[in-house]
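One structure below.
The values are calculated or read from the model by the stated rules, or taken from the named source; none is laboratory data. Here the structure is a predicted model, which is why all the values come from computation and not from measurement. Note that we place each Cβ from the backbone using ideal geometry, even for glycine, and neighbour counts take in every protein chain shown. Ligands, DNA and RNA are stripped out before the accessible areas are found, and what is left, the full protein with its side chains, is counted by its heavy atoms. Shrake-Rupley method; radii C 1.70, N 1.55, O 1.52, S 1.80 Å.
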Amino acid sequence: MAVLETTDLTIRFGGLTAVSKFNISLEEGELVGLIGPNGAGKTTAFNMLTGVYQPSEGAITFCDAALCSAVKALQPFQITRRGIARTFQNIRLFKELSVLDNVKIAYHQNVKYGLLSAFLHTARYQAEEVEIEEKALELLKIFALDTKKAEKAKNLPYGEQRRLEVARALATNPKLLLLDEPAAGMNPQETQQLMDLINFIRKQFSLTILLIEHDMALVMGVCERIYVLDYGKVIAHGTPAEIRRNPKVIEAYLGEESASA
Amino acid sequence: MTISQQILQQLVNGISLGSVYALMALGYTMVYGIIKLINFAHGEVFMIGAFVGFFSITKLGMGFFPAMFTAMIFCAILGILMERLAYRPLRNAHRMAALMTAVGLSMLFQNLALAHSWIGASAKGFPQVFPLQRFQLMENVNISSDRILTLVIAIFLMIALQFIVHKTIMGKAMRAVSFDKDAARLMGINVDKTISFTFALGSSLAAAAGVLFALNYGIVVYQMGLLPGLKAFVAAVLGGIGIIPGAMVGGLLLGITESAVSAAGGSMFRDAVAFAALIIMLLVKPTGLFGKNVREKV
Amino acid sequence: MNKRFSAILQFMLFLAMGYAVQMAMDAGMINRYYSHVMTVMAIFVVGAVSLNLINGICGQFSLGHAGFMAVGAYTSAIITKNPDLILPAMFTGNVRFVLATLLGGMMAAFVGFLVGLPSLRLRGDYLAIVTLGFGEIIRILLLNWDFVGGASGYFGLVRHTNFFAAFLLSLITITIIRNFIDSSHGRACISIREDEIAAETMGVPTTRYKVIAFVIASFFAGTAGSMMAHLTQMVTPASFTFILSIELLLMVVLGGLGSITGSIGAAIFLTYAAEALRAFRAYRMILYSLLLIFIMLFRPKGLLGTQELSYGLLKESFKLRARWQRKKKDGITASAE
């Protein structure tokens, strides 16, 4: 069963077609890569999938339910609640808040107590807050951030900020996780650790993952399938081995590299 | 007086009032377009312009046009100083900081005017510089000489602005900076100078609007910037904030609607019209009549 | 449970303190002038803390808080002055006043909903201009409404407000808003301030929470308006102008955007300052606007930032200072070697 399926997803900004006829399909439990040169439209595609941008044309189906079609488009928070979470290319943590609060906010959708309980701090509030805190700490432990729970997010080193963003996304309890260049700015060792972590949470939380990444070795190493985007169009998809041999991809993306090799 | 004559008369009144709003709305829209700030002090620049014009005529004995020119120059300098001292230091700070500073400036100008011995709390009569004449356009439809003058000057200034924005180097720089500040800087455009210039231009238009407003209504008072400022902002939103032709159309539209409402017997609600228009616009098409849907870069 | 118990105990303690002060006032130990000023302080605490919820906690920008106070003031004044209007005549005296205050708050909240919804749906600064316009429109409508006295105002209200009433209201406001902030709903509001797009992608319905914060704040502004009306025994369209909104804004900024304790302190300080500077009334607003500008230029998050004042903070800062001094000493000895 396809977890996510898009049909002819297209978005135009004024006269510019940023992404055109974007078709992908993700099976449950897959780890799929989305690659392409700078400005190919990868992040724009993510923004459409999460409802930040509304596509000009096309439809998105998630777990057999329409997220976006010609008839209606869901708001980003509704899409998150259906089970798609994401991280951002240029980290968007709640910088001034503590590491713990960053994760707690992502649990928001599961909170059942109402405003009145919040005003009066009722027993129900107490019980749920304790539960949220426990869950958040558990998650932070997996990401080895539990010792830094009281730090302000902006004071974490870069690599830990990236990890915190993934942890925060996981707190929304997603079925599908979209990672926008999670390893950007990391050294090879950190990247390797991150990839091990991604593989671990994928199994632990039975996730489907779609990943944008520039680090070729990494993408080829971990992804089961890869889509290649260039000038807003999917020019190829297949297993890493197929992609590596695809002349179109070599021309569009690996061109320089193969020429110099 | 038939209905159609009445409508025409209100159209005439509305266009002349609207041209004043339009001049002011241009300042809001240009500043918003270039640094994404609602310059709350814009209404006070309008007030100060009106007073500089007033004192140039009454204390210095200038003619109307030199007085208006003086007001425009004075406010252009004021605009540059305002940007340089109050807004530039906050360009990279939180959005709200600049907004609050703008509110602070607006209050400061208003209260300085109030405390100034030349201005004070009471309204002053603006001299009738030109002998008032009424021209009959057709039966029961009149226009006064002041209104014609207002309209002519407003149109002249708007054409001049279009020329500056589209045909000069500085105008090209303005458009580039409002499109993408960082890219403009990389292309060798002096962003600071361009923003200063935008403030000067917008403020001088507000000054002209202030003098014309005073001429039409015959009074100057320290609070005169508040409501016209608010309405000019609404005009800018109606046309699509950041879009120059939008501000012109929005201003005219608001002027006409307001005249029509006060003619229909709702003069008490005249001031509420702009507010209602703003709410409706925000509900229906927040980007304004000419606005394109642009989303924040993520 | 323990935490809750101590919170209730704390509330009771403050309540008893307020009551003691009121008794001292009744006994004439605090003169009428000071009693009046202290009551006004308590009312402004309600105004400033509630405005902080919008401007400081939620990161939106309202310029019309006085307008909502006006709505509450007029609504409650109409109820207490007309014995059989809106509320049945069986409610009289202080009971009627309390109910009228609640209804005043609810009316303000309702108007806040109508004003907030169209402008809070959008990103950007529309709320500022819409609330500014709203304040003006309310003033114009009241000027033209003969039933409540038009420009000359609504006179002859019974003086229901005393220090204890105002103090109780401020205590309730502070408790509820503080509790709200320290809940998942409040965290949702804070996340909007920090990064609206990220908040939305974390499943926070941003528009809903902005409106909720705005409506809660409007409610408390309305109750503060009612308190003020029944203290001064009159309401006029000039009681709640843009200038009052700016004063409240200055309290929030002075105390730090997002700091509840800061707002409380600033409200008390500025009310006191306004009284002390009565002789310089003409220059007061010049001073206030300069203060607003300079705070923004040099401390864009407000004088105290989001930091809450507490015993713990005090201790921290002493510790820091001690450490700093030790370091300095070490530095000196190190350089001496």
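For A:Lys95, indicate whether it is modelled with pLDDT under 95, more than 9 Å from chain C (Cβ to nearest Cβ) and either touching a helix residue (DSSP H, G or I) at 6+ places or on another chain (Cβ under 7 Å) or outside any helix (DSSP H, G or I) (or both). No: the conditions fail for A:Lys95. Kindly indicate whether any position in segment A:26-41 is farther than 17 Å from A:Pro182 by Cα and within 11 Å of another protein chain (Cβ to nearest Cβ). No, the conditions are met nowhere in segment A:26-41. Does A:Lys21 count as at pLDDT below 85, basic (Lys, Arg) and more than 15 Å from the chain's Cα centre (by Cα)? In short, no.
The residue of segment B:95-143 that is farthest from the other protein chains (Cβ to nearest Cβ), among those that are small (Gly, Ala, Ser) and without any contact (Cβ under 8 Å) to a residue 60 or more places away in the chain, is B:Ser117. Scanning segment B:77-113 for residues that are among the polar types (S, T, N, Q) and within 15 Å of B:Ser203 (Cα to Cα) turns up just one, B:Ser106.
Scanning segment A:101-135 for residues that are farther than 25 Å from C:Ile216 by Cβ and under 23 Å from the mean Cα position of the chain (by Cα) yields A:Val103, A:Lys135. Selection of segment C:193-210 for residues being in contact with a Gly (Cβ under 8 Å, 6 or more places away or on another chain) and open to solvent by less than 10 Å² (accessible area, probe 1.4 Å) yields only C:Lys210. Each residue in segment A:1-15 was checked for being touching a residue at least 12 places away in the same chain (Cβ under 8 Å), open to solvent by 20 Å² or more (accessible area, probe 1.4 Å) and part of a strand (DSSP E or B), and 5 pass. Scoring C:Gly112 on the criteria (1) in contact (Cβ under 8 Å) with a residue 40 or more places away in the chain; (2) more than 8 Å from every other protein chain (Cβ to nearest Cβ); (3) open to solvent by 30 Å² or more (accessible area, probe 1.4 Å) leaves a single failure, condition (3). Scanning segment C:168-185 for residues that are surrounded by fewer than 24 Cβ atoms within 10 Å (Cβ to Cβ) and more than 7 Å from chain A (Cβ to nearest Cβ) turns up C:Leu168, C:Leu169, C:Leu171, C:Ile172, C:Ile174, C:Thr175, C:Arg178, C:Ile181, C:Asp182. If the condition is being open to solvent by 10 Å² or more (accessible area, probe 1.4 Å), in contact (Cβ under 8 Å) with a residue 40 or more places away in the chain, of a type in the set (A, V, I, L, M, F, W, C) and within 12 Å of chain B (Cβ to nearest Cβ), then segment C:245-284 contributes C:Leu254, C:Leu257. Restricting B:Lys193, B:Lys231 to those that are surrounded by fewer than 24 Cβ atoms within 10 Å (Cβ to Cβ), basic (Lys, Arg) and on the phi < 0 side of the Ramachandran plot reduces the list to B:Lys193. With respect to C:Ile190, determine if the residue is out of contact with any strand residue (DSSP E or B) (no Cβ under 8 Å at 6 or more places or on another chain), among the aliphatic types (A, V, I, L, M) and farther than 22 Å from B:Ala93 by Cα. For C:Ile190, the condition - out of contact with any strand residue (DSSP E or B) (no Cβ under 8 Å at 6 or more places or on another chain), among the aliphatic types (A, V, I, L, M) and farther than 22 Å from B:Ala93 by Cα - is not met. Just one of the listed residues (A:Ala183, A:Ala136) is open to solvent by less than 70 Å² (accessible area, probe 1.4 Å), among the small types (Gly, Ala, Ser) and outside any loop (DSSP other than H, G, I, E, B), and it is A:Ala136. Looking across segment B:251-284, the residues that are surrounded by 15 or more Cβ atoms within 10 Å (Cβ to Cβ) and either without any contact (Cβ under 8 Å) to a residue 40 or more places away in the chain or in contact with a strand residue (DSSP E or B) (Cβ under 8 Å, 6 or more places away or on another chain) (or both) come down to B:Val261, B:Ser262, B:Phe269, B:Arg270, B:Ala272, B:Val273, B:Ala276, B:Ile279.
So, in segment C:124-144, exactly how many residues are more than 7 Å from every other protein chain (Cβ to nearest Cβ) and not in a helix (DSSP H, G or I)? Here the count works out to 1.
Residues in segment B:58-94 that are within 14 Å of chain C (Cβ to nearest Cβ) and among the basic types (Lys, Arg) were compared, and the one that is farthest from B:Met47 (Cα to Cα) is B:Arg91.
Filtering segment C:219-235 for residues that are in contact with a Lys or Arg (Cβ under 9 Å, 6 or more places away or on another chain), part of a helix (DSSP H, G or I) and either within 14 Å of chain B (Cβ to nearest Cβ) or small (Gly, Ala, Ser) (or both) leaves an empty set. Filtered by the rule that a residue be within 9 Å of another protein chain (Cβ to nearest Cβ) and touching a Gly at 6+ places or on another chain (Cβ under 7 Å), segment A:47-77 gives A:Gln75, A:Pro76, A:Phe77. Residues that are in contact with a Ser or Thr (Cβ under 9 Å, 6 or more places away or on another chain) and closer than 24 Å to B:Tyr87 by Cα were ranked within segment B:49-62; the one that is least open to solvent (accessible area, probe 1.4 Å) is B:Gly49.
Criterion applied to C:Met25, C:Met17, C:Met41, C:Met69 was being surrounded by 14 or more Cβ atoms within 10 Å (Cβ to Cβ) and not assigned by TED's automatic domain parsing to the domain that holds C:Ile264, and the one residue passing it is C:Met25. Only one of the listed residues (C:Phe5, C:Phe61) is assigned to a helix (DSSP H, G or I), out of contact with any Phe, Trp or Tyr (no Cβ under 9 Å at 6 or more places or on another chain) and either open to solvent by less than 10 Å² (accessible area, probe 1.4 Å) or away from chain B (no Cβ under 14 Å) (or both). That residue is C:Phe5. Between A:Gln78, A:Gln89, the distinction of being open to solvent by 10 Å² or more (accessible area, probe 1.4 Å) and in a loop (DSSP other than H, G, I, E, B) belongs to A:Gln89 only. Restricting attention to segment A:109-127, does a residue exist that is assigned to a helix (DSSP H, G or I), in contact (Cβ under 8 Å) with a residue 12 or more places away in the chain, at the interface with another protein chain (Cβ under 8 Å from one of its Cβ atoms) and within 30 Å of A:Leu49 (Cα to Cα)? Looking for residues that are assigned to a helix (DSSP H, G or I), in contact (Cβ under 8 Å) with a residue 12 or more places away in the chain, at the interface with another protein chain (Cβ under 8 Å from one of its Cβ atoms) and within 30 Å of A:Leu49 (Cα to Cα), one finds at least one in segment A:109-127, hence yes. Here B:Ala176, B:Ala236 are screened, and the one residue that is in contact (Cβ under 8 Å) with a residue 12 or more places away in the chain and open to solvent by less than 20 Å² (accessible area, probe 1.4 Å) is B:Ala236.
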